[in-house]
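Encoded as C-alpha cells, the structure appears first; notes follow it.
Each reported figure results from applying straightforward, stated rules to the coordinates on display, with no laboratory input. Everything quoted here is computed from the prediction, not taken from an experiment. Here the Cβ is made from the backbone with ideal geometry for all residues, glycine too, and neighbour counts use every protein chain on show.
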Amino acid sequence: MGRSPKPQTFLARASYRQRRLRDAAKVLPIVGGLLFMAPLLWPREAVAEGGNGTSHAILYLFGVWTALIVVAFVLARIIRPTEDDDIQQPPEQSPGSGPQAGGR
Amino acid sequence: MVSFNLLIAVALVYVAFLFIIAFAAERRAERGREGWLRSPMIYTLSLSIYCTAWTFYGAVGYAARSGLEYLTIYLGPSLVMIGWWWILRKLVRIGRSQRITSIADLISSRFGKSTPIGVLVTLVAVAAATPYLALQLQSVTLSFAVFAEGSGQVWGEQELASAALWVAIGLAVFTVIFGTRNLDANERHHGIVMAIAVEAVVKLCALVAVGVFVVWGLAGGVGRTLDLIDASPISDWTQPGGRWVGLTFLAAAAFLCLPRMFQVLVVENADERHMATASWAFPLYLMLMSLFVVPIAVVGLNLLPAGSNPDLFVLTVPLAEGRNGLAIFSFLGGFSSATSMVIVSTIALATMVSNHIVVPIWLSSRGTGAMVSGDVRGVVIMARRLSIMGVLFLGYLYYRLSGGGEALAAIGLISFTGAVQVLPAMLVGVFWRGATRWGAASGLVLGFAVWMWSLFLPSFGADAIIPHSVMANGPFGIEWLRPQAFFGIDGIDPVIHAVMWSLLLNTGALFLGSILTFPLPMERLQGAQFVNVFEHSPNARSWTQSSAHAEDLLITAQRILGAEEAQTLFQAEARSQGKAGFLPDVTPGFVEGLERELAGSVGAATAHAMLGQILQGASVSVEDLIKVADETAQIMEYSSQLEAKSAEQERTARALREANEKLTALSIQKDAFLGQISHELRTPMTSIRSFSEILREGGMPPTQQAKYAGIIHDEAVRLTRLLDDLLDLSVLESGQVTLNQQDGVLRDVIDRAVDAADNREGALKIDRRRSEEGVELSTDLDRLTQVFINLIANARKYCDAQQPTLRIKVGRHEGRRVVDLIDNGSGIPEDKQGVIFEKFSRLTDDRKAGGAGLGLAICREIMNRLEGDITYLPGQGGAAFRVTLPSVE
C-alpha cells in the first residue's frame, strides 16, 4: 500500500488562510449548538412572573439561526472546496516528486 | 366550501404535473443535458424531503402542545448542515469513492463487505421507517377527510382505510415507474429528484402563504402576533432541558441516518461542492419552514373551537376563514410533503432490501454461474419493484394496525429513534479504524432490541402488545428491565429514556465487541479506506492500464497457485485477448478472474489485498478490485458495457496493434542487420584478400606464411558458418528440410548440447537435475541438440550475472513435456520479448558476441518443424526459455 504523503507543516499565506477558514467552518456548528442551548439557562421564575418567555425565545432562536446562516453563507463563498484535499501539494513543489509518486 | 370532487381533481392534476416534470427530467438526463439538473439548488431542494407531512401538519400540532420544542427537529439538521466539514463531507467522499448505494451498503462495506451487517442495517431501517410511512399515509388521508367533512360527509374508519390504500397504490405506481428505470451504479434518479425539488418549492410556498395570511391577515402584524403568543397557553418558556438537548441531538443524528436522507445527501450527490451551497441554503429552508409554525398554532388555538385537532390547523384555519384557494394550496403542500418523503424513502429502502437481502439470496441459490450471465439485471429490477410494493404495504399495514389515532409528532420521534441505531456503527466506522464487524453487529442488535422494548412496542398503547404488568414491574418481575425505567431509574421522559439507553448500550457494545474481536483482513483494508478516505481517493478515478504490472501479477500468481496453473491462466487470457505469449493486458475483467482464482487458494480478502498491492501504482486501487470482484451491480454494469463494445472488435484491434509494433521493430532491426551482415561478410573478406595478397607477393619466412594462411582459413570458416546459418534458416523456413527420426533420451541430448556449447573454462555454471531428464524422445535428435546448443551458448554469451548459472528444468505443461532453461542474468526487457525469435534480431550491438541474430530464429524454426515449441517465459528472474518437446505418440 502506498504511503500517503504527510500533510504539509508549513504553508503559503493563501493556503494558511484557507486552513483557518476551514477551522472556522468546523467551529461554527459548535458555537451554534451552544447558542441554541443557552435559553435553557434563562431564569424560569422571572419568566413565570413576566409570562412572555416564549416570544423572547422565538426572537432569540430565530436571530441566532439567521446569524448562523449568514456566517455559513459567507464561509461557503470564500472557502474553496476544490482545494480540500489534505494531501494537496502546494504549487511550489514539483508534481510527482517525493512520496506522492508512490501514493497515488 | 370546497367540494370534495374539486379537491380530488386538483390533486390528480397536480400528480399528473409531477409525472410530466419527472418524465421531462429523465428525458433531459438521457440526452446528456443534465446541466441544471445537477445544480446545487436542486441538491438543496432535494434535501427538503426531511420536511415530511410531520413537519407540514405535525409541527403546528407539536407547537400547540409543547411550545417551542418542535424547533429542535430543525435545529439539529441545521447544525449538521452548517458543520458539513465534520461528517457530511467525509460521508459524501466515501460514498463517491466506494460507490455506495445506501446506508446499509456503507456500513456493510466498511465492515469488510459483510452481508449479515447489510441485512441487519436493512432490517433496522425497514422497521424504523414503517411507522413513518404509515404516518404519511395517515396525514394525507386525514387531510382528505377534512375536505370530505367540509362537503358534508363524515369519514368513518372504512373510508379512511380505503383512501389510505388508494394513496399507497398511487405512490407505489409513481415510485416503480421513476425509481426503477435505471440500475445506475450511482443510483441517481433524475426524474424523482426533479419532482421532489418542485414539491419542495410547493410545500415551502404553501406553508409560508398560510403563515403570511395568519400573521398579517388574521393577527394584524408581527407585533400583534407576538402579543397573541404571549397571551396564549404556550407563552411560558418552561422547556425541559433534557428533551431540548436530547431531541436536537436525535434530529441531528436522524438527519444523517434516515435511509431517505442518506439517499439524497450522499447517494444522489453529484458534486461535493453542492454541499457548500446546501450548508447555508438548507438551514435557511428549514428556518422558513418553521418560522410561521407558532403563529399558526396560536391563531388556530384562538380561532377554532376547543378540541379540534391542532395537527390540521394548517388546513382548518384557512378553511374556517373561507379562504378556499389558500386551503387547497395548503393541501397540496401537505400532499407534496407526504408523497416526496414516501417516494424517496421507499426507493432507499427498496434498494437496500433488494441489494442486501433478495439478490444475495438469489445469487447463492443459483451458485456461481449466475455471476456471469446477463439476467441478473432483470432480477435486481424485479426485486426492487417488489420491495417498493412490499415496503409501502408494510406502511399501510402499520397504519391499519395502529389505528391511525396517535399524535403525528409521537410517531415521528419513535421512527427517528429506531433509525439512529445505525449512527454508532456509521460514525465509529468512519472515524475509528479499530471497529470490527462483530462490534458493529452487537451494537446494532442491542440498540435495536432496546428501541423495540422501550419505545416501539409500548407505542402501540398500554396492554396492546406489552401487558400493563410488564410495564409496571418488568418482564418476569425483573424490575431493572422495565421498558421505560431501565436499571430502576424512573421518571425520565420515555423518548429520551429510549434514545439515551439504546445509544449508550449500542455504542458500548460496539466498542467492547471491537476491542475484543479481531477484524478480517478485508475489514482492516476497508477500515483504512474509509477512515483515511481523503488520503486514498482522488476525486476522479479511472482504469489506467499498465502491462508492466502483468509480469508482477504473474510472479504473485505463481507464488500462490503454482507456476504451472498460473502460466496456463495467463496464457489463456493472453490468447483470448489475441496476444501471443504469457502476458495479457491488465484489464478489469482479467483482474477479476485472477482474483477469483487467487481467492480459491488464500481467501477473497487476501486476494484483494495482494492484487491491490501490485496494481496500486497503476491506480487500479483496492476498492476498484473489490467492486469489480463482488459488487453485483458493478458486474452487471461491466457485462453490459462489454456487450456493447463487441469483444471481437477489441481483440482484432489488439492483435493488429501488436503486429504493427512487431513490424516496426523488425524493419528497424532489418536495416541494422543489412548493415551488419555486410560488415560480417566484408570483414573476413577484407582480411582474406589482404592476407592472400601478402602471400602472393611471397618472400617471407614459412612461419609467417603459415600464420597468414591460418588467418585466411579461420576467416573462411567464419564466413562459411554465417552462410551455413542463413542457408539452414532458409531451408527450415521453406520446409524442404528432411528430418532424421531417431529414438533417444533427453538426458543424452542435453549432455551433447552442454559438451558442444563451447563452454570453455566452465564460465557458465549449469544446474541440472539429471534424474528428471530420463524422458524418451522420438524425433530428430541432432536438430533438437542444435536448439539446446544455441540456448546454452546464448546464456553463456549474454548472461550478465557475476556468476552466470543456467538452470535446466524438466516439467510438464498442458500435458506436454517442457524443458525450461533459466539463467540468473537480468533477463530480456518486456519490449524486446516480442521480437527475439525473429530473424536478424539482436538485443545488443555487441558484435563481439559473434552472432548475426539468427540463433533463436533457427531454434524456433527447428522446434516448429519438430512439432514442438519454444517460447520466452517471463517472470522467472532472468532470461528464461521454454522448449516444449515434441509429443511422443
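Some values worked out for this structure:
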{"item": "Segment residue B:460-residue B:445, length gained on full extension (0.36 nm per residue, minus Cα span)", "result": "3.3 nm"}
{"item": "Inter-chain shielding of B:72-85 (mean C-beta neighbours from other protein chains, 10 Å cut-off)", "result": "5"}
{"item": "Set B:662/B:809; B:90/B:203; A:26/B:113; B:765/B:797; B:670/B:832; B:662/B:832 screened for pairs whose C-alpha atoms are more than 21 Å apart", "result": "B:662/B:809; B:90/B:203; A:26/B:113"}
{"item": "Packing-based order for B:567-580, B:286-299, using average beta carbon neighbours within 10 Å, highest first", "result": "B:286-299, B:567-580"}
{"item": "Other-chain or far-sequence residues with amide H under 5 Å of residue B:813's (modelled H)", "result": "B:818"}
{"item": "Average beta carbon contacts from partner chains per residue of A:65-74, 10 Å cutoff", "result": "6"}
{"item": "For the stretch B:432-531, size of Cβ-based charge dipole, Lys and Arg +1, Asp and Glu -1, in debye", "result": "460 debye"}
{"item": "Theoretical FRET efficiency, 1/(1+(r/R0)^6), r = Cβ-Cβ of residue B:679 and residue A:17, R0 56 Å, to 0.05", "result": "0.20"}
{"item": "Two-site label geometry, residue B:653 and residue A:34: point separation in nm, points 7 Å out along Cα→Cβ", "result": "6.1 nm"}
{"item": "Residue-span extension gain [residue B:8 to residue B:169] - 0.36 nm each, minus C-alpha spacing", "result": "56.4 nm"}
{"item": "Residues whose placed amide H lies under 5 Å from that of residue B:742, excluding near-sequence neighbours", "result": "B:779, B:780, B:781"}
{"item": "Cβ-defined net charge surrounding residue B:827, 12 Å radius [Lys, Arg +1; Asp, Glu -1]", "result": "-3"}
{"item": "Rounded FRET efficiency, nearest 0.05, which uses the C-beta distance separating residue B:724 from residue B:662 and R0 of 30 Å", "result": "0.65"}
{"item": "Phi-based couplings in Hz for the stretch A:33-43 (Karplus 6.51, -1.76, 1.60; Gly and Pro marked x)", "result": "x, 5, 5, 5, 7, 4, x, 5, 8, 4, x"}
{"item": "Residue mean of other protein chain beta carbons inside 10 Å, B:280-286", "result": "5"}
{"item": "In sequence order, calculated HN-Hα J values of the stretch B:862-878 (Karplus, 6.51, -1.76, 1.60; Hz; x Gly/Pro)", "result": "4, 4, 4, 4, 7, 6, x, 7, 9, 9, 8, 10, x, x, 10, x, x"}
